[in-house]
Amino acid sequence: MVLPSLGDLVAEKVHLRYGDTVALAGASATIASGEIVAMVGPSGSGKSSLLYCLAGLIAPDSGEVRFAGTNLARLPDDERSDLRRSRFGFVFQFAELVPELTLRENIALPLELNGVKRRERVSRVDELVDRLGLADHAERRPSKVSGGQAQRAAVARAIAHRPSFLFADEPTGSLDSANGMVVLDLLLQLANDDGAAVVIVTHDERVAAQADRVIRIADGRCGQAAS
Ligand SMILES: Nc1ncnc2c1ncn2[C@@H]1O[C@H](COP(=O)(O)OP(=O)(O)OP(=O)(O)O)[C@@H](O)[C@H]1O
Ligand SMILES: [Mg+2]
């Protein structure tokens, strides 16, 4: 057996219910630092639930999620949110940008929250805006750009603070397939440059094919398959 290394994110026998509905029924998975993992499975099988548990956004009813050996549920709330803010990044199906802020301001948000100094913030945001092809749209609000542009900004925002783990829940689900592939390529490239691990929930087998590993979820449990 290969022992998990200290930087791994480990879910062990995670159970989660919503009322009478069992969402996770003993799901176990290890995400090693730097690896790209696709999570696939039928609708309702528990993919989003497991992603949110791994990301410390939902506490399991039983079982554990450990990061660097620490059970997230044992951390005080403020330490758990510090960890999420500094080490984790999120991309959701619909960009979920802050509507009142421009794309540039949205991308800068995690840097501000992490206390990154203005000069560095500006240069990091400029770099991302450039790489994501958003230079002509950066001063617009999310409602004034296309879905693909908004989703690219969401990717930039998720990665701006150079997280160790990037969680993406069907990040290309609201886009057509060409735009979806653009967003996905950028997400994987940026994560790769920064050495971030990526956990990506997807229905798209082409997306899964780009992962280092595929976790298949059925009925709230995980199986594994090489991609
Ligand atoms: N907020 C909620 N309240 C009640 N039940 C929920 C809630 N969220 C999820 N569920 C239920 O938990 C189970 C797992 O849901 P989950 O969202 O994790 O599935 P999923 O694999 O992400 O599905 P999809 O591919 O449709 O997004 C499903 O039976 C779902 O109906
Ligand atoms: Mg889901």
Looking across segment 126-154 at residues that are under 21 Å from the mean Cα position of the chain (by Cα) and open to solvent by 60 Å² or more (accessible area, probe 1.4 Å), the single one that is modelled with the highest pLDDT is GLU127
Q. Is at least one residue of segment 63-86 within 16 Å of ligand 1 (Cβ to nearest atom), closer than 21 Å to ALA23 by Cβ and among the acidic types (Asp, Glu)?
A. no
Going through segment 180-195 in order, the residues found to be farther than 11 Å from ALA168 by Cβ and either assigned to a loop (DSSP other than H, G, I, E, B) or touching a Gly at 6+ places or on another chain (Cβ under 9 Å) (or both) are GLY180, VAL182, LEU186, ASN192, GLY195
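Would you mind stating whether LEU54 is crowded, with 17+ Cβ neighbours inside 10 Å, closer than 27 Å to ARG152 by Cβ and within 16 Å of ligand 1 (Cβ to nearest atom)?
Considered against the rule, which asks whether it is crowded, with 17+ Cβ neighbours inside 10 Å, closer than 27 Å to ARG152 by Cβ and within 16 Å of ligand 1 (Cβ to nearest atom), LEU54 comes out as yes.
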Would it be correct to say that LEU6 is more than 18 Å from VAL214 (Cα to Cα), at pLDDT below 95 and outside any helix (DSSP H, G or I)?
-> yes
Taking first residues from segment 132-157 that are polar (S, T, N, Q) and second residues anywhere that are part of a helix (DSSP H, G or I), the pairs with Cβ under 6 Å that are 6 or more apart or on different chains are GLN151/VAL183
Taking segment 197-221 and the residues there that are more than 25 Å from GLY63 (Cβ to Cβ) and either in contact with a helix residue (DSSP H, G or I) (Cβ under 8 Å, 6 or more places away or on another chain) or more than 16 Å from ligand 2 (Cβ to nearest atom) (or both), the one that is least open to solvent (accessible area, probe 1.4 Å) would be VAL207
Please work out if ILE107 is closer than 21 Å to TYR52 by Cβ, among the hydrophobic types (A, V, I, L, M, F, W, C) and touching a residue at least 40 places away in the same chain (Cβ under 8 Å).
no
Within segment 160-174, residues within 16 Å of ligand 2 (Cβ to nearest atom) and either farther than 30 Å from VAL116 by Cα or open to solvent by 50 Å² or more (accessible area, probe 1.4 Å) (or both) come out as GLY173, SER174
Exactly one of SER81, SER123, SER49, SER62 is within 16 Å of the chain's Cα centre (by Cα) and surrounded by fewer than 17 Cβ atoms within 10 Å (Cβ to Cβ), and that residue is SER81
By residue number, the members of segment 17-31 that are out of contact with any Gly (no Cβ under 9 Å at 6 or more places or on another chain), under 20 Å from VAL214 (Cβ atoms) and not hydrophobic (A, V, I, L, M, F, W, C) are THR30
Over segment 30-46, the set of residues open to solvent by 40 Å² or more (accessible area, probe 1.4 Å) and near ligand 1 (Cβ under 6 Å from one of its atoms) is SER43, GLY44
Report yes if ARG221 is under 19 Å from GLY44 (Cβ atoms) and basic (Lys, Arg), otherwise no. yes
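The values are calculated or read from the model by the stated rules, or taken from the named source; none is laboratory data. Predicted model only: the values in this text are computed from it and were never measured. Every residue, glycine as well, gets a Cβ built from its backbone with ideal geometry; the counts of neighbours run over all protein chains shown. Calculation scope for accessible area: heavy atoms of the full protein, side chains included, ligands and nucleic acids excluded. Shrake-Rupley method; radii C 1.70, N 1.55, O 1.52, S 1.80 Å.
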